[in-house]
Amino acid sequence: MITIQNLSYSYNGPDTSVLKQLHLEIREGEHVALIGPNGCGKTTLIRHLNALLTPQGGSVWVDGMETTDQKHLKEIRRRVGLVFQNPDNQIVGMTVEEDVAFGPENLGLPSAEIRQRVDEALVEVGMEAFAQRAPHTLSGGEKRLVSIAGVLAMTPRYIALDEPTAYLDPAGRQRVLKVIQKLHRRGIAIIHITHDMNDLLDANRLLVMDRGAIALDGAPEAIFSRLDVMQDLGLQLPQVTLLLHRLRESGWEINTNILTIEDASTEISSRMNALKGALDAS
Ligand SMILES: Nc1ncnc2c1ncn2[C@@H]1O[C@H](COP(=O)(O)OP(=O)(O)OP(=O)(O)O)[C@@H](O)[C@H]1O
Ligand SMILES: [Mg+2]
């Protein structure tokens, strides 16, 4: 479990706190989506999960190890993988496989073990055919997948991804989302920062951040029923959920706690059947 207590952080002195006494627990195997307006502190928060930043107030614990404790630093960095917003900032190798090998090499693993981990990680993200390519020749989506493979090769328990689908075309997005789903099924806890509401469909917990604190925390369906709060924060609802809210406003007795097109179409057709039944009977 990752436990965050009273976390405060500021880049420019205490008057400009970016994180404000933030509390959060992330349990093993969860799939958490993290949303919130620009500048609310999402990136700053996840940089605390693997001690890239350390708290100025409060504390962060990863499986019982405090991130300020130097003797645990290596193990914390192994357990919590970060996939940065801009993949170019994460790429270090001359070839894709060198890049993925970077983490396990730093762990000082035997070369046969490194080889195996790199091969497996590249297969896991579907990039094995690119092992010898120079990273700068890859597309944005492919670079993201390589960054994810680099983190995977560390056999992490938690992976935090900072807007991993930003700037990708629909096919690239789907590819990245599928890989994230797969990692979650493997038992890795996922913390996924996004601005795209359609990215949240796989998450079983949604965190809404606002000005350095967690404003809402719960099942996505429950949070999206708080239309007022979401709108106050300037956050959109998934299109499907928005449609159901609109139908409800116009008088339909319809469930709005729905996120997928399939569930929405079932809900709408059952309401239409009920309506038709009522009309037939009258
Ligand atoms: N290195 C830095 N030095 C100074 N201020 C910073 C630095 N990084 C972030 N900030 C400031 O801290 C605040 C929170 O930034 P952060 O990147 O954590 O937000 P975010 O929620 O990830 O935003 P976005 O959705 O735009 O990525 C912002 O006001 C930002 O300008
Ligand atoms: Mg950010």
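Numbers at a glance
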{"read-out": "Members of the range 1-22 found to be open to solvent by less than 90 Å² (accessible area, probe 1.4 Å) and polar (S, T, N, Q), listed by number", "value": "Thr3, Gln5, Asn6, Ser8, Ser10, Thr16, Ser17"}
{"read-out": "Every pair of residues 6+ apart whose Cβ atoms lie under 9 Å, when the first sits in the range 162-180 and is within 16 Å of Ser139 (Cβ to Cβ) while the second is hydroxyl-bearing (Ser, Thr, Tyr) and within 13 Å of ligand 1 (Cβ to nearest atom)", "value": "Pro164/Thr194; Thr165/Thr194; Ala166/Thr194"}
{"read-out": "Close pairs (6 angstrom Cβ cut-off, 6 or more residues apart or separate chains): part of a loop (DSSP other than H, G, I, E, B) in the range 21-47, more than 6 Å from ligand 1 (Cβ to nearest atom) and of a type in the set (Gly, Ala, Ser) anywhere", "value": "Glu28/Ala189; Gly29/Gly187; Gly29/Ala189; Glu30/Ala189; Pro37/Gly234; Gly41/Gly212"}
{"read-out": "Checking Ser265 against (1) in the same structural domain as Ser10 (by TED's automatic domain parsing); (2) small (Gly, Ala, Ser); (3) without any contact (Cβ under 8 Å) to a residue 12 or more places away in the chain, the condition it does not meet", "value": "(1)"}
{"read-out": "Matching option when the condition is open to solvent by 10 Å² or more (accessible area, probe 1.4 Å) and closer than 23 Å to Gly39 by Cβ, among Ala171, Ala219, Ala166", "value": "Ala166"}
{"read-out": "Members of the range 227-262 that are farther than 25 Å from Leu206 by Cβ and either touching a residue at least 60 places away in the same chain (Cβ under 8 Å) or of a type in the set (Ser, Thr, Tyr) (or both)", "value": "Ser250"}
{"read-out": "Tabulated pairs, the range 70-84, first in a strand (DSSP E or B), second open to solvent by 50 Å² or more (accessible area, probe 1.4 Å), C-beta under 6 angstrom, 6+ apart or interchain", "value": "none"}
{"read-out": "Residue, nearest to Gly187 (Cα to Cα), within the range 114-134, restricted to residues that are outside any loop (DSSP other than H, G, I, E, B) and not aliphatic (A, V, I, L, M)", "value": "Glu124"}
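Rundown of residues vs (1) modelled with pLDDT of 95 or more; (2) touching a His at 6+ places or on another chain (Cβ under 6 Å); (3) assigned to a loop (DSSP other than H, G, I, E, B), yes/no style:
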residue	(1), (2), (3)
Pro55	yes, no, yes
Met94	no, no, yes
Val100	yes, no, no
Glu105	no, no, no
Ala112	yes, no, no
His136	no, no, no
Gly172	no, no, no
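The values are calculated or read from the model by the stated rules, or taken from the named source; none is laboratory data. Remember, it's a predicted structure, so these values are computed and weren't measured experimentally. With ideal geometry, Cβ positions are generated from the backbone for all residues, glycine too; neighbour counts draw on all protein chains shown. Quick note on the areas: whole protein, heavy atoms, side chains included, nothing else; ligands and nucleic acids left out. Shrake-Rupley method; radii C 1.70, N 1.55, O 1.52, S 1.80 Å.
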